[in-house]
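The block underneath contains the structure these notes are about, expressed in C-alpha cells.
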Amino acid sequence: MDSDLLYRVKREDLPKLEELLNKCFAHDPLYETLIPDPDVRIRLMPELFHCDMDEFYETCEIFSDSPELNGILVVSDEAEPYNFLRFCLTEAKAALQTDTCLIREDPSLRTFANFLKGENYLNSRWTDSLHQNQRLHIIYLAVDPCMQHHGIAARLMEEAIRYADPRGMMISLETHNEKNLEFYRLFGFQVYDIMECHFPLKQYCMVREPARLHGV
C-alpha cells in the first residue's frame, strides 16, 4: 500500500507508536482475557507492542495521520511480493522475543500458556478461507484516546479503501470489541465469521469487498 495523504512512519517514530498502542489497548478484551493479572498486564503490554512494532516495520506498512502520530494504521498488503526467507526470519525473531517477554514477566507460565491456547486470536489464519488473495489486511487501526472523535480513524480507513478499491482488493480485519462493529460497518465491512476458541472471547472477523464489484 502507498499513500500521498498519510504519513509513512519512520523507525524513530516507533517508540511513540508503542506508547499509543499501549494506551489504546489498555482495556482491550483480548489482552484482559489473555493476561488476566493486572500487574502482569501493565508490565507486559509495552514489551508486546515493542515486539509488534519491530516485526511490522519489517513486514508490513505503517502509516499515521501526520508526523504528530495521533493515530496508527498497520496494514499487510497481501498482493505485494515479499522475500520469503526474510519474512520467516523476522517472524521467528518476533516469536522468540514475545515468548521471552511472556516468561520473564510471568514466571508461573500462566500467561505463556494463555497465549498458546489463544493463538488463533493472535494471528489472522482465518483469512486462509477467504476467496480473495488480492487483499489488504488491517492489523492495527487505533487513535490516541485524547484525539478520538476528530475523524482521524475515518481518515485512516478511507485512505486504505482509496488504495484498495481501484485495485479490486478486499480488506479484512478482526476486532474483539463488539462496539467497534458499527464503525466498520459504516465503511462497508460485514462480519464474515465469529470465532470463540478456548476462552469466552469473541473475535469478529470482518471483510469488505471492493466497491467496484458492486457497481459503485
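Key figures
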{"read-out": "Taking the chain and dividing mean pair separation by its residue count, relative contact order in percent (alpha carbons under 8 Å, at least six apart)", "value": "23"}
{"read-out": "Cα long-axis angle, helix 38-59 against the chain (0 to 90 degrees, to the nearest 10)", "value": "40"}
{"read-out": "Relative contact order of the range 108-216, pairs being alpha-carbon contacts under 8 Å that are 6 or more residues apart, as %", "value": "28"}
{"read-out": "Cα gyration tensor shape of the range 114-203, rounded if a/c is under 1.5, else prolate or oblate by comparing a/b with b/c", "value": "oblate"}
{"read-out": "Rounded to 10°, Cα long-axis angle of helix 152-164 versus longest principal axis of the chain", "value": "60"}
{"read-out": "The range 138-216 and the range 95-129: distance between their alpha carbon centers, rounded to Å", "value": "24"}
{"read-out": "Relative packing of peptides 29-37, 48-56 - highest average C-beta neighbours within 10 Å first", "value": "48-56, 29-37"}
{"read-out": "Rounded to whole Hz, the Karplus (6.51, -1.76, 1.60) HN-Hα couplings of the range 190-197, x for glycine and proline", "value": "10, 6, 8, 7, 10, 9, 9, 9"}
{"read-out": "Selected from 143, 75, 40 as most flexible by GNM, with the chain as the system and alpha-carbon contacts under 10 Å", "value": "40"}
{"read-out": "DSSP-defined beta bridges in the range 57-193 - what % are antiparallel, rounded to 5", "value": "75"}
{"read-out": "Using alpha-carbon coordinates, inclination of helix 14-24 to the longest axis of the chain, degrees", "value": "80"}
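The numbers here are math on the coordinates, done by the rules we state, and not lab data. All values reported here derive from a predicted model rather than from experimental measurement. In this analysis, Cβ positions are derived from the backbone assuming ideal geometry, glycine residues included, and neighbour counts consider all displayed protein chains.
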